[in-house]
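The values are calculated or read from the model by the stated rules, or taken from the named source; none is laboratory data. Source: prediction; values computed, not measured. Every residue, glycine among them, receives a Cβ derived from its backbone with ideal geometry; neighbour counts consider all protein chains shown. Ligands, DNA and RNA are stripped out before the accessible areas are found, and what is left, the full protein with its side chains, is counted by its heavy atoms. Shrake-Rupley method; radii C 1.70, N 1.55, O 1.52, S 1.80 Å.
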Amino acid sequence: MKSFRFCFLMLTIAILASPALSDLVLSKVDRRIYLTSHIVRISSTVKVENAGPEKESLVLLAFPEQQAKNMAYLMATPHEGKGKVKNPVVALPVEAANPKDMPAALTFYSVSLPKGLAEGDSFTFDVLAVFTHALRPIPEQITQADIQLVLYQDSAHYLSPYAVKVQSLSVKLPDSRIESYTKLENTKIHGSEIKYGPYENLPSFSYSPIAVHFESNLPFAVAQELVREIEISHWGNVQVTEHYKLIHGGAQSKGEFSRLDFLARPNIRGASAFRYLVANLPPRAHSVYYRDEIGNISTSHLRGDSKKTELLIEPRYPMFGGWRTAFTIGYGLPLQDFLYESDGKRFLNITFSSPMVELVIDALIVKVVLPEGSSDISVAASFPVEKWQETKISHLDIDGRPVVVLKKTNVVPQHNQFFQVYYHFSQLSMLREPLMLISGFFFFFVACIVYMHADISISKSSASYLAKQQWEEVQAVIQQVQNIISRCLTTHDNLEASLRDLSRTGNIQACKAARKAADGLLKELSKELKPLLTFLRSSPSAAQVLPKVEELVAKERELQEKVMVKHSTVVDGYEKKSGARDIENRVALQQQKLTALRQEVDDLLEFIDEI
């Protein structure tokens, strides 16, 4: 409050030092301040008269510097009066002005009248000024159970460089719960409305500060950034995708949050939070979705008719002061409702801002993605915006699609007006993507047909094919040799097992029978091995592996002889009834040689198997 008083003092000093600007007089001013949401709207009906001899065609509007910084929208229109047939509104030109010898603490705008006012003439017009971030939460931090109180500051007198004969002010609040307000002469309160005036014969730059401290639990929804992407497809659809970064712009939440208390008594334990937002989408919107980084959000409701489509969305959690969330909504629109043709050019006619109700947008970026091949692009908007062009590469694109980018800060619902994007586009360009798809599928099927009918196998008469076939035969023979050697080794193991049975049972006849069976099997295996070795010796492809195979056969035969000698020695000892220790001493040296030979045979088998 101290800073407000200081600013008011400086403003008063500057105003009192300023001269009257012209012979214009404001004969009547009715001002209405709407504080029914966090967006402040001031509507003024001004009747201006020319009391001087010279014609006047401009009327200046004055705003304090701090108020002008928060002003998002300003429009002036002729006043039609009550009971008259409402004609389409034609806005009067409004431009920033910088008159001489005016205080620097004020910001001026000029309104151009339809025709100059001669002496004694009058003209009545309406002025709508919209402000954002003009309501200050007092206190700035509240708990979950507290209500939200906000403070609004203005002047009871209409601030103008002209004298005012009669003026009145009404301040409309969300409800009748008012913490405090400035009481001046002729101040009345009726429910949720505070009236100041009428005040008569006010000099130029008259200023009387007022402050209203009241309860407001309405959603303070602020989009810190909103990126709207509008993609045009000449195949019948306009796809709109909106990326929101949202914050509750009211009093900051402090302390712990209890979801149980909130669900039990949401109007008491969460009065300052908002739980849902409403978006008024265009008629015939379809394929609507609502999601965030986690995935689809199911807490949304869609209903529509021939005039509008209403989407009610609920964030994943109630939004208290200072809390943030990010989400995306998207929907499709029929192309014929928004794309038109004029003077050989096509133009998109669609709304500029967000469809969300009562949403303040700190930074809005609108991207209009045109079809590939568009040229001679221009933009028409009813308010100033930053604009530039980009390129977007999408599926089946060659050069990329031109993107018109528009940016505006401090956006309010009044900016949700239609704007136009004009461009040239050839009908032949529409055939580019279908022809690419047709050509792609055509060449794919041609390639499949060629592949199915072409013989790409290696010729059976070629040297590489013959070499491969010979090597496969060699591999098969080597595999047979390995199997025979493995069966020989198994036979050796059986003889060793018969000797162990002999030492345990003393049954010499069973041991001799095992020897006889082993001799017969080894002879058969030797016969099977001879033709295989003959084939390997005659095959050029076996030259690399043949020495190892021959070495393997030789080692196995040597091992076979040693096993037979050992077997004969042990059986002879048992027939002569020699002691067990004496028999072991006689075959100890033979056993060492058998172990070494068996290891060599196993190593050769492993080596050949790797080859």
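A compact table of results
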item: Of the DSSP H helices in the chain, those whose Cα atoms cover at least 24 Å axially and whose Kyte score averages 1.0 or more; result: 432-453
item: Rounded accessible area of R598 (nearest 10 Å², 1.4 Å probe); result: 70 Å²
item: Ordering of 111-123, 580-592 by packing [mean C-beta count within 10 Å, highest first]; result: 111-123, 580-592
item: FRET efficiency for K516 and Q599, using Cβ-Cβ distance with R0 set to 30 Å, rounded to 0.05; result: 0.60
item: Solvent-accessible heavy-atom area per residue, rounded to whole Å², over the chain at 1.4 Å; result: 54 Å²
item: Per-pair calculated FRET efficiency, R0 = 30 Å: R581 and E496 via Cβ, rounded to 0.05; result: 0.95
item: Extended-chain gain in nm, criterion 0.36 nm per residue less alpha-carbon gap, S486 and A211; result: 88.4 nm
item: Within-15-Å neighbourhood charge of V171 [Cβ basis; K, R +1; D, E -1]; result: +2
item: Cβ-based net charge around K254, under 13 Å, with every Lys or Arg adding one and every Asp or Glu removing one; result: -3
item: Accessible area of E473 in the full protein assembly, 1.4 Å probe (Å², nearest 10); result: 90 Å²
item: Residue-averaged 222 nm ellipticity for the chain, from DSSP H runs of 4+ at -39500 (n - 2.57), nearest 500; result: -10500 deg cm²/dmol
item: Whole-number percent relative contact order across the chain, with pairs defined as alpha carbons under 8 Å at least 6 apart; result: 10 percent
item: Computed over segment 258-330: relative contact order in percent, which uses C-alpha pairs under 8 Å that are six or more apart; result: 37 percent
item: Above-threshold pairs, the threshold being 32 Å between Cα atoms, out of K47/K188; K530/K577; K115/K195; K468/K562; K468/K516; result: K530/K577; K115/K195; K468/K562; K468/K516
item: Solvent-accessible area, 1.4 Å probe, carbon plus sulfur percent, for the chain; result: 54 percent
item: Distance between modelled label sites at S43 and R136, nm, 7 Å Cα→Cβ extension; result: 2.8 nm
item: FRET efficiency estimate (nearest 0.05) - Cβ-Cβ, S439 to Q469, R0 45 angstrom; result: 0.55
item: Whole-Å semi-axes of segment 465-608's equivalent ellipsoid (Cα gyration tensor); result: 37, 15, 10
item: Eligible lysines near K308 by straight Cα distance, threshold 27 Å, same-chain separation 8 or greater; result: K86, K245, K367, K407, K408
item: Cα-based equivalent ellipsoid, the chain: semi-axes from gyration tensor eigenvalues, Å; result: 102, 36, 19
item: Label-point separation in nm, T505 to Q389, each point 7 Å along Cα→Cβ; result: 10.2 nm
item: Accessible-area value, M75, 1.4 Å probe, nucleic acids and ligands omitted, Å²; result: 50 Å²
item: Cα-projected label distance for T328 with L431, points at 7 Å along beta-carbon direction, nm; result: 3.5 nm
